Amino acid sequence: MDPRYEKIISSIIRYSFGLGVVFFALFPLYWMFTMSIKPFFEWSPSVVLWWPNNPTTLNYLQLFIPVETLAEWGLVNPATDPIIHDTATRAIMNSIIFSTFGTLLSVFIGTTAAYAMSRYRASGDYMFLTFRMLPPIAILMPIVIWFSTIRLLDSAIGMILLYGLFPVPFVIWLMRSFFDDLPREIDEAAIMDGCSPAMTFVRVVLPLVRGGLAVTALFIFILNWSDLIVALTISHRYAVTIPVQIGLFESDAGHMYGVMAALGCIAVIPTLAFGLAIQRYLVRGLTFGAVKG
């Protein structure tokens, strides 16, 4: 076969495979979005609707506006339409607060510990990873009893503590490799110039691993943001997060699929925005240190 035709066929196969992968990855997002703008009578149709016949924003409005207000506006009829009685405002704010402050706490503890382990090596210093090998429920049950005793159950402080401490082994594991890739001579030169160990860490070392720090922070934020089992076990009413709230959207008519999909679409936004905000650090972070290759 002519080499030119072989190249064309090879390109067609490669691009077709790439488009297939993209379609496979993005189709669930497309389906979730279309479900979020479908009225309730199109949630379970007799035939598949690839696009809603009667697009609506009511599913999104129910997430933020009480049903009584929507009824006054004439947008819903509480007697006949499936509705939710509680908005998702609290869950959205809880997820933002818990994930953000939990990530900051985890990255602070893990990064300082990783730097200490990298510069002052000790035998068996990877034993901290064993804390992540236990089934989560085996750890959560004692925590539930402990938190109920000290009044941290279903509280913001309790959730932030758990979201800040649970991912610490991952932060140490990732950040230590970034620190290990930096020559020790950089630290020694900074100390010779009059920097204290703390100043060396903050002013010299951290700027050199900011790509890895950004990747680690994004990874931990996604873990916290998408967590279900911790929030489901610890929270009951006041500290409910988005994953828990999605499972609570039910009415007398059954699951509120449109409202669930609307909240799912909203849940994608923070992680997407975070990733775009630090994208200039991601390429360097993904090719440097622990996640190289």
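The values are calculated or read from the model by the stated rules, or taken from the named source; none is laboratory data. Quick caveat, the model's predicted, so the values are computed rather than measured. Quick reminder, even Gly has a Cβ in these numbers, built from the backbone with ideal geometry, and neighbours come from all protein chains shown.
Laid out as a table, the results:
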quantity	calculated
Count of segment 49-71 residues which are in a helix (DSSP H, G or I) and among the hydroxyl-bearing types (Ser, Thr, Tyr)	2
Residue in segment 65-80 that is modelled with the highest pLDDT, counting only those that are surrounded by fewer than 11 Cβ atoms within 10 Å (Cβ to Cβ) and among the hydrophobic types (A, V, I, L, M, F, W, C)	Trp73
Among the residues listed as Ala156, Ala253, Ala214, Ala239, the single one being modelled with pLDDT under 85 and of a type in the set (A, V, I, L, M)	Ala253
Count of segment 24-48 residues which are in contact with a helix residue (DSSP H, G or I) (Cβ under 6 Å, 6 or more places away or on another chain), modelled with pLDDT of 90 or more and not in a helix (DSSP H, G or I)	1
Pairs, first of a type in the set (Phe, Trp, Tyr) in segment 228-251, second not in a loop (DSSP other than H, G, I, E, B), C-beta under 8 Å, six or more apart	Tyr238/Arg90; Tyr238/Ala156; Phe249/His255; Phe249/Val259; Phe249/Met260; Phe249/Leu263
Answer residue from segment 211-264, given it is surrounded by fewer than 22 Cβ atoms within 10 Å (Cβ to Cβ) and of a type in the set (D, E, K, R) and is farthest from Val171 (Cα to Cα) among those	Asp252
Hey, Ala116 surrounded by fewer than 10 Cβ atoms within 10 Å (Cβ to Cβ), out of contact with any helix residue (DSSP H, G or I) (no Cβ under 6 Å at 6 or more places or on another chain) and under 30 Å from Val230 (Cα atoms) or not	no
Hits in segment 171-200 (condition: assigned to a helix (DSSP H, G or I), touching a helix residue (DSSP H, G or I) at 6+ places or on another chain (Cβ under 8 Å) and either of a type in the set (D, E, K, R) or buried (at least 19 other Cβ atoms within 10 Å of the Cβ) (or both))	Val171, Ile172, Leu174, Met175, Arg176, Phe178, Phe179, Asp180, Arg184, Asp187, Thr200
Checking Gln62 against (1) modelled with pLDDT of 90 or more; (2) farther than 17 Å from Tyr257 by Cα, the condition it does not meet	(2)
